[in-house]
Every structure is written in C-alpha cells, then in structure tokens.
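Following: one structure in structure tokens, then a few remarks.
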Amino acid sequence: MDGLDLLKQHWNRNDSFPKLNKMELQQMIHRRSSSIIKWIFVISILELSVGVGLAFLLPIEEKQTSSFEQYTSLLLGIIFRATIFFFIYIFFKHYRKIRNNTNTRTLLETILKTRQAVDHYIKFNIYFVIAYTVWSGLQHIVKVFNHKSIGEGILVTLLVIIVSIPIILITTYLMKHYYRILYRRLIHKLHDNYEELIRMEG
Amino acid sequence: MTEKLEHCFVSLLEEHQNILHKICALYTEDHETHKDLFQEMTIQLWQSFPKFKGDSKFSTWAYRVCLNTAISLYRHNKKNIVTVEWDTSLYQLRQEEYNPEHEERLRVLYASVRQLNDIEKALVYMYLENKDYEEIAITLGISEGNARVRMNRIKTKLKNILNRQGGL
C-alpha cells in the first residue's frame, strides 16, 4: 500500500476539524476579501489612471510652424488617446470574464490576460512618452538649425542628447524594477501554476 | 431576499464545511493560515453563490471554487491576517484522541503532500475524495490522460519523499 492509499483510508473518516456554527460563518462572509484579483484590480486601475491623466495633460494640438508638424501632432494625440481607451476596454473585457467557478486553467488564463493588458498598456505609455520626447527634441533641433547658426544647432543637438538619454535609461530601469517587484509579489504564484498546467499538457 | 439567500448559503456551508477544512489542511501549514484561507474561501463562495444554478451538487461546486481560491486567488500575507475567531477546543480534543504512532504516520504523510506544488495538491485532494479522472480533468482544465499520468508521478514522488524521510 503506498502513502496516498494509506492517507486515503484516514481522509474520509477525518472529522477532527473544528465545526463552525452558523453565526461564525455568517460573520465570515461579511469580511473583506484579500484575493489577488482585488489587488490586481486596484493596482491596474491606478496604473490606468496614470495613462488617462497623461491623455488629458498632453496637448492634442499645439501651435506648429508647418502644416506637417500640425498634422503629425494631431495624429499622435488621436492615436495616443484611442490606444489608451482600447487598453482600458481590453482590461475590463477580460476582468469581467474572471469567474472563480470555471476550470482552473481558464481562470488562470483570464487573470493573466487581464494583467497582461495592463502590462502592455504601461509599455505603450513608456514607449509613447519616449517617442514623443525624441520627436519634440528633433523638432527643436530642426528649428534651431533653420533659424540660427550651425554652431548653435550642434550645441542644442548635444544638449538634447545629454539630457534625454539619461532620462530614458533611468525611466526604463525604474519601470523594469517596479514590474519585477510587482510581478514577484502579485502574479508569480499564478504564473507558476499556469506554467505547471501547460507543462502537464505538453 | 438577500437575507433568505444568506441563510440558505450559511446552512449549506455549515453542512459542507469539511470540504474547506480539508483543502486548507493540504494548502496551509499552521492554524492561522488555515483560518485565513478558510475565510477567503468562504468569501469567494458567498460572492459567487448567486450564480450557483444548482446544475451540480453544492459540494461539487464548492470544492471547485475552493480549489480555485487556493490555487489562484489566495494571497498569503501573514502580516495582515485578521480572521473570525472560532472555538478550537473540539479540534484540540479530537487531535489528542490519536495514538502517537498513528499521528506520526499521518503527520509525515501530510508533510509530504504539502511539499507538492499547488496543482499537484489539487490532484491529490480530488484523488483522496474519490473523484474520477474525468472530473479531475474538467476541474483543472486538462486532459484525462494527462491527469492520470500526473497522478501516477505524484504517487512515485510521494513514495520518494517518504523514503527520504524514513517514514512508513
């Protein structure tokens, strides 16, 4: 007889657990949940709000010197806002599908997809801010070259490079670090369990 | 209406609470965490109870939700454990009824099962509850064949753990 069969013998006649009465159970159902889903929802909403805040802060149309700059700026503004609302839609679409009574694999998949939507959204925000900074820097450089001397143009170009590269590197490093901590604390367990189910099927 | 639903739920839960305790026994190692997971399972069950249509037995529905809670939703945080106190005198009394040798064998077995990962513990739970492989596969969302293969591997794994610990 192996260990499990021996355990099985005792398992079904195990009545040594405490018996909670109705009042104790009733008290419990009114307690606050501390589930991972709740935390994912709270953190995701906070992260989504940052993007929405940016969408309102960034000007959709600025006074530009040429019509090309004006159209590009308008287009970027529209793309940014549309993408943010697309990610919010995807987040809520997956979030609404989370059901604790589906099979374990589907539940894990849905939770991870919900979280992934926010991760992609954050990445998009970072890349967009970087692209926007580079675009603004280039615009400024072109203006200086057009209206001032070549020497001043080179100086401004160097300044833009010296200021923007550390900002981009520090932002990317901080975001990576933030996600590593968040990932470890929040969804590491879910990811491991999902990988285990996939390995079983493989 | 909510009061009626609450009364119905609490009555069913009182009757089937051993399902929750048994899952807690596999997934937790101390009394406080047992209580914390039990509470989270109770909350999860209550939150989805309005959607319970009665297509399956309450016990079947409950153990699926509870396993999902233990595997996917439960966030163990010792610092923040605030649970409803319950009377443990009965629990302690019953434990004392075990004879030492018997208790030691069970202790080694439980300790070995707790070394398994979350998915393997779910398989062990359903095996101990005499669920067939079709039901195990449906609950976890895997194929029946793979559930069977993994269960055999778990048996071997447990045997090895037990041998290493010199138990049984």
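The values are calculated or read from the model by the stated rules, or taken from the named source; none is laboratory data. What you see is a predicted model, and the numbers here were worked out from it, not measured in a lab. Glycine gets a Cβ as well: all are built from the backbone with ideal geometry, and neighbour counts include every protein chain shown.
What pairs can you find where one residue is in region B:22-46 and in the same structural domain as B:Leu12 (by TED's automatic domain parsing), the other is crowded, with 21+ Cβ neighbours inside 10 Å and not in a helix (DSSP H, G or I), and their Cβ atoms are less than 6 Å apart, with a gap of 6+ or different chains?
Listed pairs, sorted by first residue: B:Leu37/B:Tyr74; B:Glu40/B:Tyr74; B:Gln44/A:Asn100.
Can you pull out the helices (runs of 4 or more DSSP H) entirely within region A:1-71 that have at least 1 residues that are at pLDDT below 85?
Output list reads A:3-11, A:36-57.
Residues that are of a type in the set (S, T, N, Q), in a helix (DSSP H, G or I), touching a residue at least 60 places away in the same chain (Cβ under 8 Å) and surrounded by 13 or more Cβ atoms within 10 Å (Cβ to Cβ): does region A:133-144 have at least one?
Within region A:133-144, the first condition is being of a type in the set (S, T, N, Q), and the residues that meet it are A:133, A:136, A:139.
With in a helix (DSSP H, G or I) added as a condition, the list becomes A:133, A:136, A:139.
Right, trim to touching a residue at least 60 places away in the same chain (Cβ under 8 Å) and you get A:139.
Filter once more, so that each one left must be surrounded by 13 or more Cβ atoms within 10 Å (Cβ to Cβ): A:139.
Yes, some residue in region A:133-144 is of a type in the set (S, T, N, Q), in a helix (DSSP H, G or I), touching a residue at least 60 places away in the same chain (Cβ under 8 Å) and surrounded by 13 or more Cβ atoms within 10 Å (Cβ to Cβ).
Of a type in the set (A, V, I, L, M), at pLDDT 85 or above and within 25 Å of B:Ala70 (Cβ to Cβ) - does that describe any residue in region A:115-122? Explain how you work it out, then say what you get.
Our first condition is that a residue be of a type in the set (A, V, I, L, M); within region A:115-122, this holds for A:117-118, A:122.
This time we only want the ones that are at pLDDT 85 or above, so: A:117-118, A:122.
Add one more test, that the residue is within 25 Å of B:Ala70 (Cβ to Cβ), and what stays is A:118.
Yes; the residues of region A:115-122 include at least one that is of a type in the set (A, V, I, L, M), at pLDDT 85 or above and within 25 Å of B:Ala70 (Cβ to Cβ).
Hey, can you tell me all the residues within region A:1-52 that are in contact (Cβ under 8 Å) with a residue 12 or more places away in the chain, of a type outside the set (A, V, I, L, M) and more than 7 Å from chain B (Cβ to nearest Cβ)?
Across region A:1-52, the qualifying residues are A:Phe41, A:Ser44, A:Glu47, A:Gly51.
Would it be correct to say that A:Lys93 is in a helix (DSSP H, G or I) and modelled with pLDDT under 90?
Criteria not met by A:Lys93.
Restricting to region B:125-157, name every residue that is part of a helix (DSSP H, G or I), more than 7 Å from chain A (Cβ to nearest Cβ) and under 15 Å from the mean Cα position of the chain (by Cα).
B:Tyr125, B:Met126, B:Ile136
Restrict the check to region B:158-166 and report whether at least one residue is outside any helix (DSSP H, G or I), modelled with pLDDT under 90 and not assigned by TED's automatic domain parsing to the domain that holds B:His21.
Scanning region B:158-166, I find at least one residue that is outside any helix (DSSP H, G or I), modelled with pLDDT under 90 and not assigned by TED's automatic domain parsing to the domain that holds B:His21, so the answer is yes.
Would you please list the contacts, defined by Cβ atoms under 7 Å and residues six or more apart or on different chains, that run from a residue in region A:88-116 that is within 16 Å of A:Ile45 (Cβ to Cβ) to a residue that is not in a helix (DSSP H, G or I)?
So the pair list comes out as A:Ile111/A:Ile98; A:Thr114/A:Ile98.
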